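Peer 1: Quick one: this structure, given as structure tokens, is what I'll be asking you about.
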Amino acid sequence: MLLEELISLRGIIGFKKISDWKKELNLSVEYSGPVRPKHVIGALWEITKGDAIVTTEVGQNQMWAALYYKVNKPRQFITSGGLGTMGYGLPAAMGVCLANGLEKPVINVAGDGSFMMSVHELDTCARYGLPVKVFLLNNRSLGMVRQWQELFFDKRYSETIYSREPDYEALAKSLGAEGWTVSDASQVRGAIERALEIPGPVVVNFIIPQEEKVLPMMVPGGSLKDILTEEDLERR
């Protein structure tokens, strides 16, 4: 059945549509206004020329990293896949640092929910001099579940939007890392360059819009022909 659906997808969506999606994901964007995930991950790719090793947590951050980071070589994109667990990315980045001999920049693209699952390991990074850079895509929520609740459950938000959150700058510093916050896209490139220059662990708290979504996406109970795109949302 899956093979039949894949074959039919070629006719339903077509290669032209897929090509259009790729153009929409073009990272040559103006760095102004609120910080967007494509600003952060696109700038990372441009600054490192794709030579960084990226790990991810689980959720929207994972999908944005997969969408926008152009992986050049094997073993450059370390993620737990569809059956992974929140909190994976930081310990994975630590392992990559040790296995790679500290030769390449190692960046953990994280969401604020996942990051809190293993944030204490920043102390381990500081103790052993592991230069992990955490780029926190902070939407003050459990973003993937919040997205589903918005789109498919009439915005009945349950346990996904935070009433408060940690001071990530202070938290990073208390555990021996550097940390600062970025809330404007014009600051993104400078923040990434600064983070990469620091020899130890760093947390950059990028404030992104809470309503930012991962698109295209599958719908609950749907098949490949039911993929939801930004155009579909605009028509609603």
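No value in this document is a laboratory result; all are computed from the given coordinates. These figures come from a predicted structure and were not determined experimentally. In this analysis, Cβ positions are derived from the backbone assuming ideal geometry, glycine residues included, and neighbour counts consider all displayed protein chains.
Peer 1: May I ask you to derive the relative contact order of the chain, considering only C-alpha pairs under 8 Å and at least 6 residues apart, and to give it as an integer percent? If you can, show how the numbers build up before the last one.
Peer 2: Numbers: 401 pairs, mean separation 52.3, N = 236.
This gives 22 percent for the chain.
Peer 1: Can you tell me, using C-alpha contacts under 8 Å and at least 6 residues apart, the relative contact order of the range 25-155 as a whole percent?
Peer 2: Working: 198 pairs, mean separation 32.0, N = 131.
In percent, rounded to a whole number, it is 24.
Peer 1: Could I have the simple spin-label model distance between Tyr128 and Lys70, label points 7 Å from Cα toward Cβ, reported in nm to one decimal?
Peer 2: In this crude spin-label approximation the distance works out to 3.4 nm.
Peer 1: While we're looking at this one, here's another question. May I ask you to list the trypsin sites (Lys or Arg not before Pro) in the range 91-147 that are in a DSSP loop and have at most 11 other Cβ atoms within 10 Å of their Cβ?
Peer 2: Details: sites: Arg127, Lys133, Arg140, Arg146; in loops: Arg140.
Within the range 91-147, no trypsin sites (Lys or Arg not before Pro) qualify (loop, at most 11 other Cβ atoms within 10 Å).
Peer 1: Further question: Any chance you could count the Lys pairs in the range 31-235 whose alpha carbons are under 28 Å apart, treating pairs 8 or more apart or on different chains as valid?
Peer 2: Lysine pair count for the range 31-235: 28.
Peer 1: Okay, moving on. For the residue pair Phe153 and Asp184, what label-to-label distance in nm results when each label sits 7 Å from Cα along the Cα-to-beta-carbon direction?
Peer 2: Roughly 3.7 nm, to one decimal.
Peer 1: Report the FRET efficiency, 1/(1 + (r/R0)^6), for Glu169 and Leu98, where r is their Cβ-Cβ distance and R0 is 30 Å, rounded to 0.05.
Peer 2: FRET efficiency, Glu169 to Leu98: 0.70.
Peer 1: Each label point is 7 Å from the Cα along the Cα-to-Cβ direction; what then is the distance between the points at Glu46 and Arg235, in nm?
Peer 2: 3.3
Peer 1: Take Tyr31, project a point 7 Å from its Cα along the Cβ direction, then tell me which residues of the range 165-182 have their backbone nitrogen under 17 Å from it.
Peer 2: 180-182
Peer 1: Let's see if you can work this out: charge +1 on each Lys and Arg Cβ, -1 on each Asp and Glu Cβ, no other charges. What is the dipole magnitude of the chain about its Cα centre, in debye to the nearest 20? Don't jump to the answer; show the numbers that get you there.
Peer 2: Numbers: 26 positive and 29 negative charges, 100 e Å.
That gives a dipole near 480 debye.
Peer 1: Here is a further query. So what's the gap between the Cα centers of the range 81-160 and the range 171-236, to the nearest angstrom?
Peer 2: Here the answer is 11 Å between Cα centres.
Peer 1: Would you calculate, for the chain, the mean residue ellipticity at 222 nm contributed by helices, counting each DSSP H stretch of 4 or more residues as -39,500 (n - 2.57) and dividing by all residues, to the nearest 500? Each step should come with its number before you reach the end.
Peer 2: Numbers: 11 runs with 99 residues, N = 236.
My calculation for the chain gives -12000 deg cm²/dmol from helical runs alone.
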